[in-house]
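Worksheet: one structure, shown below.
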Amino acid sequence: MKIIISGHHIEITEGMTQAVENKFAKVAKHFPSLMTLDVIITVEPNQQKLEVTTTYEGATVSVNAADKELYVAIASAASKLEAALKHRKGVLSAKQKKKFEVPQSDAFESA
């Protein structure tokens, strides 16, 4: 999985890159069909924000996390993304198991 990291008001260091790659390695292992992951790190006064966006099975999945410490926000975003992908996977499997029902007409009952 390719991880694209960009920053707003911050310079991306090697440590940040390693932290993001390590935290999202579990997500990549559980969802091997993911090709890319876009990570945007934003720094504001007293707050670090992380926005993670990816495409899974034709739908865009996006999560946001914020905390005073960057590495806590990275961990939070990783867990939120995994939960969102599991939810999307459940929606897809539920659609597969849904049976097609033919509407019954009342023409045969009144005769």
Can you tell me the dipole magnitude for the range 2-95 around its Cα centre, using point charges on the Cβ only (Lys, Arg +1; Asp, Glu -1), in Debye to the nearest 20?
560 debye
With 20 Å as the limit, write out which pairs from Lys26/Lys68; Lys29/Lys80; Lys2/Lys68; Lys23/Lys68 have Cα-Cα distances beyond it, or answer none.
Lys26/Lys68; Lys2/Lys68
Glu82 and Gln47 label points (each 7 Å along its Cα→Cβ direction) are spaced in nm at 2.6 nm
From the residues Val39, Ile12, Leu70, which one has its Cα farthest along the dipole of the range 2-95 in the positive direction, the dipole being from +1 and -1 charges on Cβ of Lys/Arg and Asp/Glu about the Cα centre?
Val39
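Each value in this text was obtained by applying a stated rule to the coordinates, not by laboratory testing. Since the structure is predicted, the reported quantities are computational estimates derived from the model, not experimental observations. Don't worry about glycine lacking a Cβ; one is built from the backbone with ideal geometry, like all the others, and counts go over all protein chains shown.
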